[in-house]
Amino acid sequence: MKNSVSDRSFYIESSDDEDLEKEIDNDDGNESDSSGSSADNQNHNQPSSYTTAAWPQSYRQSIDMLGSVHSPSIGLLGTSSLARFGSSFLSSSLTRRFTPEAFSSSISKPLLPTVIDDPHKHAPPHSPLGPPLPSRRSSISIRRDDKDKPVVIDSHGLPVSRHSTFGQAVVNGINVLCGVGILSTPYAMKEGGWLGLSILMIFAVLSFYTGILLRACLDSRPGLETYPDIGQAAFGAMGRVIISIVLYVELYASCIEYVILESDNLSSLFPRAHISFGGLEINAHLLFAIATALAVLPTVYLRDLSILSYISAGGVVASIVVVLCLFWVGLVDDVGFHGNVTPLNLSSLPVALGLYGFCYSGHAVFPNIYSSMGKQSQFPAVLLTCFGICTLLYAGVAVMGYLMFGESTLSQYTLNLPQDLVASKIAVWTTVVNPFTKYALTISPVAMSLEEFIPPNHPKSHFYSILIRTGLVISTLLVGLSVPFFGLMMSLIGSLLTMLVALILPCVCYLSILRGKVTFLQRVLCCIVIAVGVVASAIGSFSAIKKIIEELSG
């Protein structure tokens, strides 16, 4: 490829990001010296192999693509480096990075590489945390691209972004948080009432707090960069596996929501669309669900999803456009506000719990965003900005949508917008286009994790990779057709999975990793958050499942 990284590299050891930057600067300014001693440095400083390589190994790479945090040169709207990337299709993409052939070599590399220097450098003697995990920096290398510029590479051969700015981190965070959940906040207000909106605020505060806890977990031991890493530090290899499964199930469920969303919105645009085949009548919902699966299928075969990740980063713009269209329809197009004020709706409040919880399902990516930041001390401010902006958007859309449509509010407010208005068409088409770019990025972590189980150098590895990815798309289609209830599915995901990922697990991991350093107040706060998460998860999940069964049987 034109901009592929060359083989010239040398390993470096540093204790902080400043040392890493100095190495890069020195390498850039002393090209001849570094190139001449490259092989010597590589042989001398190459880290020893870490004894365990627990599944999944591909998490960092895949989630970085999903969160658009993998490139330090990403601009405000994620478009400044588009020219550097090309998308590889099936013939070449299935031989990249975490295919069985490539994985056979990466599996022998350390999951959390061992430290070359003093193992007690990062933890005091008799630390309650136990022996420190290996440092990730001992396995960092510098390679040069075609333009002879240094590129920092980690132990898995992935580019290490240590220069993400505050603004870039905020955009990435909002892009993760402000997704399709914003479409259902008016429906959540209808289900929970005005007072139910306080649940949104509570979840925002608690999720912000648990985001800070994740940062504390990452800082507790060197070598931690992702959510599964935290799980491994807290509960060993089994903790890593369990947390990874939960995160992957959440991503898989989000893809099911994309299929339902596309089917609902496209069928609202073309309600008369149908196909008669051999006496079988395919209505608009079924037709567009199948069309969505066929449209996204080629994209899931891509291994290099760089372009899609940059386009997906425009999800921030897409969310703002959809919100502005709602306000335009209500204020300018004189649709008006006709909603009745319902203070509290106890019968359906549990559904609102899951819907509001789903709005803050970004914790799987927060550790990656933190690891990518140049100034990691700014992470709390990044979280505060992201949660503040997203909460204002969620609350504003909830109030505006509910006032406009009242008790007739549907699970996606785009379905309530008058179809003859220009703003309505813009909102619906923006909603339709965005998931097409996000589907492959969302399902790719799941696919890559399953591909790790393909035996190394298997002669049919390419076939199995295609089979896995095709099977995932078909399965999301079948589940979406079997349970075509966007709001109820979102409520179930928010209650069952998001409460676990965003509230319960961060506190549990924090208490486990830092058990000897946690103050009484911190322990009490964590227990309160865990209790809120468990109660909300139990009540919300039961209510959502009950209503889904009622809809299916009715």
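The values are calculated or read from the model by the stated rules, or taken from the named source; none is laboratory data. Given the structure is predicted, the values throughout are model-derived calculations rather than measurements. Positions of Cβ are backbone-derived with ideal geometry, glycine not excepted, and every protein chain shown enters the neighbour counts. For the accessible areas, the whole protein counts, side chains as well, though only heavy atoms, and no ligand, DNA or RNA atoms are used. Shrake-Rupley method; radii C 1.70, N 1.55, O 1.52, S 1.80 Å.
Annotations
- Within the span defined as the range 258-271, every residue fails to be touching a helix residue (DSSP H, G or I) at 6+ places or on another chain (Cβ under 7 Å), open to solvent by 20 Å² or more (accessible area, probe 1.4 Å) and β-branched (Val, Ile, Thr).
- Residues located in the range 439-460, provided they are under 24 Å from Ala295 (Cβ atoms) and in a loop (DSSP other than H, G, I, E, B): none
- Residue among Ser377, Ser361, Ser371 that alone is in a helix (DSSP H, G or I) and open to solvent by less than 40 Å² (accessible area, probe 1.4 Å): Ser371
- Every residue from the range 498-524 that is open to solvent by less than 70 Å² (accessible area, probe 1.4 Å) and more than 27 Å from Gly223 (Cα to Cα): Val524
- Residues satisfying the stated conditions in the range 327-356, i.e. outside any loop (DSSP other than H, G, I, E, B) and either over 30 Å from Leu503 (Cβ atoms) or charged (D, E, K, R) (or both): Phe327, Trp328, Val329, Gly330, Leu331
- Qualifying positions in the range 287-316 - modelled with pLDDT of 85 or more, open to solvent by 20 Å² or more (accessible area, probe 1.4 Å) and assigned to a helix (DSSP H, G or I): Leu287, Phe288, Ile290, Ala291, Leu294, Ala295, Leu297, Pro298, Thr299
- Checked against (1) part of a helix (DSSP H, G or I); (2) farther than 26 Å from Phe337 by Cα; (3) without any contact (Cβ under 8 Å) to a residue 40 or more places away in the chain, Leu392 passes all but condition (2).
- Among (1) of a type outside the set (Phe, Trp, Tyr); (2) modelled with pLDDT under 90; (3) closer than 26 Å to Thr165 by Cα - the single one Pro456 does not satisfy: (3)
- Qualifying residues in the range 235-283 (those that are small (Gly, Ala, Ser) and part of a loop (DSSP other than H, G, I, E, B)) - the one nearest to Leu488 (Cα to Cα): Ala273
- Any helices (runs of 4 or more DSSP H) falling wholly within the range 483-554 and containing at least 2 residues that are more than 23 Å from Val176 (Cβ to Cβ): 505-513, 520-553
- Filter pass, Ile468 being open to solvent by less than 30 Å² (accessible area, probe 1.4 Å) and under 23 Å from Ile243 (Cβ atoms): no
- Residue match in the range 396-405 (condition: more than 22 Å from Ile539 (Cα to Cα), open to solvent by 30 Å² or more (accessible area, probe 1.4 Å) and in contact (Cβ under 8 Å) with a residue 60 or more places away in the chain): yes
- Of all residues making up the range 170-189, the number that are open to solvent by less than 30 Å² (accessible area, probe 1.4 Å), under 24 Å from Ala544 (Cα atoms) and either over 17 Å from the mean Cα position of the chain (by Cα) or among the small types (Gly, Ala, Ser) (or both): 8
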